[in-house]
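Report on the structure given below.
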Amino acid sequence: MWPLNTTEPLRRTALNRVFAAVYTCAIFGLLYHHVQIIHSRTPLASLSLLLSDTVLAFMWATMQVFRMRPIRRKEFPENLLKVMKPSEFPALDVFVCTADPYKEPPINVVNTALSVMAFDYPTDKLSVYVSDDGGCAATLFGFVEAAKFARHWLPFCRKNNVLETNPETYFSLNHAACCPETQQIEMMYRNMKVRVADVVNTGKVSDEYITSDQEREAFNKWTDNFSRYDHPAVIQVLIDNGKDEDTTGHFLPNLIYVSREKSKSCPSHFKAGALNAMLRVSATMTNAPIILTLDCDTSSNDPQTPLRVLCYVSNPVTRSNLSFVQFPQRFRGLSSNDIYAAEFRRLFFVNLLGFDGLKGATYVGTGTFFCRRALFGSPSNLISPEIPELHPNYAVDEPIQSPSILSLAHHVASCNYENRTNWGSKMGFRYGSLTEDYYTGYRLHCEGWRSIYCTPDRPAFYGDAPITLFDFINQYKRWAIGGLQMAFARYSPFTVGTKTIGLMGLAYGHYAIWPIWCIPTLVYALIPQLALLKGVSIFPKVSEPWFLLYVFMFLGAYGQDFIEFVLEGGTFGKWWNDQRMWMIMGPSCFLFGSFEYLLKSLGISAFGFNVTSKVLDNDQSKRYELEMFDFGVPSPMFVPLAMAAIINLFSFFLGLLKMVGGSDKEGLVLQMLIAGFIMVNCWPIYEAMVLRSDACP
């Protein structure tokens, strides 16, 4: 018997459990101390510290779920062909989502699609669907160009065993110097890139770029009648793998452009709505049992990634109740010490291993292979869609360009199709949270499905990380709102979640309550410092036993976090920036996300979906490479940061003067340490306020 995958528990699990028991006792001791001094001469400060430490204790307790049973998996794709033939591989539909051609440049989306079209997979079983929720002619033009370039790029990748199948990435590695053929392919790519950029900049498709009457008709129709928020459905089959061949005579995978119907009078449900539209459109055209969802900037870095998925899907032991296989997000072009902690190492390399030891990883929105059946009810109760053509087991028996197929595809992509149906509630990707990915994964686990976390040595996918502080915290603000929507929803992880999936409900709850991190960060950034300015001690003296408890809790929490971070491949520099970003997020995106959620829950404003910019500015890129904080644009979220930085700076130096002048030295030590620690973390803020003009050196 040839093994397809193995599972191994992490060796640090026992130590994690022992430390959790000891640290729990310390938490109860600290809370007892707070209650003891509640009637001291500083009752407001005592109450504030009690509240913040209670929040920290709750977040720490939910965090321990990830440390109870972390596991690591390994796949053996080299054994796959020993147990099944390529002709027996299940069909694969790939969904690539884009929403804004100015924040998500069409050429980036094109590169993503081309990279997955080059999968080491039978082309007659591979279909790539591109969802253009921005309704932009430039995106359609980009994929018309991509269809032409794919005829040269795919055989080139196959012939040269290319691993970095994203053309931009491949040519940036100076492969063009290898041979004339490579130089010729690169020239074709650069010319395509120029044409697409020109259409984006001008807003129209020039006649010189149109090579057929069919293209001219499509682009004229789009330009005349479409707007981003109000347009009919458009579905274009750009490559038909039953007809179109590459330059070597091999059939190409399907490439289908989809822009669902949008109307200002109908809710779009943002990315989840776009994914559900593609789920229905793909069902009418190919209905593959396996679906890969990708963000527009998440390109393939290993053509054999689908084979790793088959190691689980084809294994009788793991395929039972399997809903999806999740790959970690990896990012290209990170600064040497990952200044904005955009690698999400704790999420993808620590916590998700713990998730996997329970019922599997959560869905993170990209790099995810779904079993189509899992999106139609629980394992024991299939929910049939409205028409048989959308059933997950329906066999499509007509060509994808037949009039009946295209007519039905346009019908299911209409904005009114979901009215009075189960889409978004019991079927497909779930509505109800701005973090539709996290919510969908949670609901699938509650229904009884399991998932797999696949972490190969060679990253399966690479994406683009934010390179400005504003883009980073704006993204987290959206996640904060989505988390609170989950926490207080009908299917809250703290009620329904803990009842149906036990400890995993607390794991989901941990992310749902991220925004309450703003409470302890604000309290510890302001209360001890304001007391320090008045020379008032609110913490135990150095000579008191309670002082040692504070020291243990700080060093214990930070020490465990640092050890886990380094064991999963991190460095001290990256860990330091990671903990600093958590301090920054508290009084900025988490605070404002909480207020925005509150206002919108009261009906004062409506929820929106802000797309994270994928556009790279040269000056911003230089600052990022030099690891200089780039605040991007003015934002109210920076105001609490600046206030906290200034208060801690003044309180530290005034406190130092008070201690030198003979004030209560022992009683002010902890407050001085806290102010000093925050002040060190705020150095980039001081630098931006005083030492820099934000001009690139």
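The values are calculated or read from the model by the stated rules, or taken from the named source; none is laboratory data. The structure displayed is predicted, hence computed values, not measured ones. No Cβ is skipped: glycine too gets one built from the backbone with ideal geometry, and neighbour counts run over all protein chains shown. The area values use the complete protein model at the heavy-atom level, side chains included, leaving out ligands, DNA and RNA. Shrake-Rupley method; radii C 1.70, N 1.55, O 1.52, S 1.80 Å.
Modelled spin-label separation between residue 15 and residue 87, with each label point placed 7 Å from Cα along the Cα-to-Cβ direction: 5.3 nm.
Taking label points 7 Å from Cα along the Cα-to-Cβ direction, residue 533 and residue 245 give a separation of 7.8 nm. The loop-placed GluC sites (Glu not before Pro) in the range 31-115, going by DSSP, include none that has at most 14 neighbouring Cβ atoms within 10 Å of its Cβ. Loop-located chymotrypsin sites (Phe, Trp or Tyr not before Pro) across the range 30-104 with a Cβ neighbour count of 16 or fewer within 10 Å are 102, with loop assigned by DSSP.
Each label point is 7 Å from the Cα along the Cα-to-Cβ direction; what then is the distance between the points at residue 2 and residue 215, in nm? Here the answer is 4.4 nm between the modelled labels. Entry note, the chain: relative contact order of 17 percent, from Cα contacts under 8 Å with a spacing of 6+ residues. Going Cα to Cα from residue 262, which aspartates and glutamates come in below 12 Å? Please leave out same-chain ones fewer than 8 positions away. Once the sequence-local aspartates and glutamates are set aside, what remains near residue 262 is 132, 133, 230. Cross-link reach is defined here as a Cα-Cα straight distance under 18 Å, omitting same-chain residues fewer than 8 places apart; for residue 534 the aspartates and glutamates meeting it are 664, 666.
Once the Cα-Cα distance is subtracted from the 0.36 nm per residue extended length, the residue 26 to residue 419 segment shows a gain of 136.1 nm.
Sorted on the mean count of surrounding Cβ atoms within 10 Å across their residues, most packed first, peptides 567-576, 450-459 read 450-459, 567-576.
Taking a point 7 Å from the Cα of residue 151 along the Cα-to-Cβ direction, the residues of the range 114-132 with backbone N closer than 19 Å to it are 114-115, 117-118, 123-124, 128. Of the accessible area of the range 77-466, computed with a 1.4 Å probe over protein heavy atoms only, carbon and sulfur atoms account for 49 percent. Rounded to the nearest Å, what's the spacing between the alpha carbon centres of the range 289-329 and the range 378-409? Just the number, please. Going from one Cα centre to the other spans 22 Å. Its Cα centre serving as origin, the range 350-482 has a Cβ charge dipole (Lys and Arg +1, Asp and Glu -1) of approximately 420 debye.
Note on the range 77-466: Cα-Cα pairs beyond 27 Å make up 47% of the total pair count. Mean projected area of the Cα convex hull of the range 398-479, taken over all directions, amounts to 9.8 nm². Entry comment: accessible area of the chain is 41 Å² per residue, from protein heavy atoms only and a probe of 1.4 Å. Taking the DSSP beta bridges with both ends in the chain, the antiparallel portion is around 50 percent.
Centroid-to-centroid, using Cα positions, the range 35-94 and the range 124-203 are 38 Å apart. Take the Cβ atoms of residue 160 and residue 404, set R0 to 35 Å, and the FRET efficiency comes out at 0.30.
Of the trypsin sites (Lys or Arg not before Pro) found in the range 1-82, the ones in coil according to DSSP and having at most 11 other Cβ atoms within 10 Å of their Cβ are 11, 41. With axes computed from alpha carbons, what is the tilt in degrees of helix 665-681 against the longest principal axis of the chain, rounded to the nearest 10 within 0 to 90? Roughly 20 degrees, rounded to the nearest 10.
What does the extension gain come out to for residue 673 and residue 35, with contour length at 0.36 nm per residue minus their alpha carbon separation? In short, 227.4 nm is gained. Using only the C-alpha atoms, the convex hull of the range 314-408 corresponds to 182 Å³ per residue. Taken over the Cα atoms of the range 449-551, the convex hull encloses 228 Å³ per residue. Legend: distances between Cα atoms for 148/243; 574/622; 74/159; 477/600; 359/426; 193/477; pairs beyond 25 Å are 74/159; 193/477.
Residues of the range 542-556 falling in the label zone of residue 680, defined by backbone nitrogen less than 19 Å from a point 7 Å along Cα to beta-carbon, are 548, 550-556.
Applying 1/(1 + (r/R0)^6) with r as the Cβ-Cβ distance of residue 394 and residue 198 and R0 = 56 angstrom yields a FRET efficiency of 0.85. Can you work out the FRET efficiency for the pair residue 319 and residue 650, with r the C-beta to C-beta distance and R0 = 56 Å, to the nearest 0.05? Computed FRET efficiency for residue 319 and residue 650: 0.35.
The charge dipole of the chain, taken about the Cα centre with unit charges on the Cβ atoms of Lys, Arg (+1) and Asp, Glu (-1), comes to about 2200 debye, rounded to the nearest 20. The ratio of the alpha-carbon radius of gyration of the range 1-140 to the globular-protein estimate 2.2 N^0.38 Å is 1.87.
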